[in-house]
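The values are calculated or read from the model by the stated rules, or taken from the named source; none is laboratory data. Here the structure is a predicted model, which means the values were calculated and not measured. Cβ placement follows ideal geometry from the backbone for every residue including glycine, while neighbour counts extend to all protein chains displayed.
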Amino acid sequence: MSPGGNPEAYVQIVNSIPVLSVEREEQLAKALFEDCDLDAARQLVLAHLRFVAYVARSFSGYGLCEADLIQEGNVGLMKAVKRFNPSFKVRLVSFAIYWIKAEIHEFILKNWRIVKVATTKSQRKLFFNLRSKKTTLGWMNEQEISDIAKALGVESVAVRQMEGRLSFKDEAYDCSTSDEETVSSPSQFLKLSRDDPSTRVEQQDWKVFEYCQLMSAYEGLDARSKKIISSRWLASKKLTLSELAKQFNISAERVRQLEQNALRNLREKIATQ
């Protein structure tokens with residue numbers, strides 16, 4: 001199934017696909033994760049295509065083809081389904097949002113300008129967040145640059161460079177004009193709305209991204225550390241040190257030490273990602 005040249009018809013089709021219940025989604029996720037059931041993967045992807053279309057439409061203001069945005073989002077969805085672990089105890093849509101947006105972001109960055117404005121991790125972070133961090137409409141002073149660099153964890157020179165890149169406009173290589181018609185920047189043909197598309201991007205919920213980083217680091221822990229972190233931090237009903245001590249037949253103090261070691265390992269793994 002592809003959005004092709006008629007996104008409206010595609011959206012109608014994917015919206016007709018039933019939404020999975022919590023129990024059915026968990027059943028399919030386990031079948032894929034434990035038995036590599038490709039039909040389960042297909043059903044998971046199909047049931048979430050409507051969500052991809054919804055997310056893709058929030059990026060329509062960049063002037064790119066909606067069908068392409070949906071297609072890129074679908075690639076992200078398939079990557080998420082492949083990596084989804086039902087033991088995370090979250091809905092697939094919460095896990096997949098990061099992968100869907102990551103693919104769409106990458107597509108926008110590659111196609112928004114003739115000259116690419118963001119290629120490194122720090123530049124991408126600035127591309128989607130710089131405008132919301134600015135406090136003035138004009139060029140930023142050194143103090144503003146320093147504050148934004150500190151807030152986003154990047155170098156001050158990267159902030160200044162991105163400000164300049166975002167201020168430049170692409171011009172047509174060869175275009176004709178007449179007395180009756182003036183050729184304008186392509187940005188003037190973008191759909192205008194009170195909620196600017198770039199602002200929406202800047203305001204996206206990055207908690208999902210942070211959660212995915214945490215889960216990636218979590219998978220690197222040993223089984224006992226996973227159990228402690230899951231029971232103490234991730235479970236809806238958290239266990240006490242004493243309860244875990246009885247399970248592992250060790251002292252509560254030893255459980256606390258293992259917990260602190262696991263948390264330190266998580267922080268180190270996340271910092272290096």
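Can you tell me how many residues in region 1-57 are in a helix (DSSP H, G or I) and small (Gly, Ala, Ser)?
Summing the residues that are in a helix (DSSP H, G or I) and small (Gly, Ala, Ser) in region 1-57 gives 8.
Name the single residue that is farthest from residue 33 (Cα to Cα) among those in region 69-86 being surrounded by fewer than 22 Cβ atoms within 10 Å (Cβ to Cβ) and without any contact (Cβ under 8 Å) to a residue 40 or more places away in the chain.
So, considering only residues that are surrounded by fewer than 22 Cβ atoms within 10 Å (Cβ to Cβ) and without any contact (Cβ under 8 Å) to a residue 40 or more places away in the chain, the one farthest from residue 33 (Cα to Cα) is 75.
Where the second residue is assigned to a loop (DSSP other than H, G, I, E, B) and the first is in the same structural domain as residue 228 (by TED's automatic domain parsing) and lies in region 245-258, which pairs have Cβ atoms under 6 Å and are six or more apart or on separate chains?
Matching pairs, first to second residue: 245/251.
Which members of region 34-83 meet the condition of being of a type in the set (S, T, N, Q) and over 17 Å from residue 103 (Cβ atoms)?
Across region 34-83, the qualifying residue is only 43.
With the structure loaded, tell me whether residue 187 is outside any loop (DSSP other than H, G, I, E, B), at pLDDT below 50 and over 22 Å from residue 84 (Cα atoms) or whether it fails that test.
So residue 187 fits the description; yes.
Checking the conditions here, which among 66, 26, 34, 106 is buried (at least 16 other Cβ atoms within 10 Å of the Cβ) and among the charged types (D, E, K, R)?
None of the others qualify; the one that does is 66.
Scan region 247-272 residue by residue and report those that are more than 12 Å from residue 228 (Cα to Cα) and part of a helix (DSSP H, G or I).
Scanning region 247-272 gives 253, 264, 265, 266, 267, 268, 269, 270, 271.
For a quick check of your reading of the model, give me the residue pairs whose first member lies in region 4-15 and is not assigned by TED's automatic domain parsing to the domain that holds residue 51, whose second is in a loop (DSSP other than H, G, I, E, B) and modelled with pLDDT of 80 or more, with beta-carbon atoms closer than 8 Å and at least 6 apart or on different chains.
The qualifying pairs do not exist here.
Kindly check whether there is at least one residue in region 201-216 that is part of a loop (DSSP other than H, G, I, E, B), more than 26 Å from residue 91 (Cα to Cα) and modelled with pLDDT under 80.
No; the residues of region 201-216 include none that is part of a loop (DSSP other than H, G, I, E, B), more than 26 Å from residue 91 (Cα to Cα) and modelled with pLDDT under 80.
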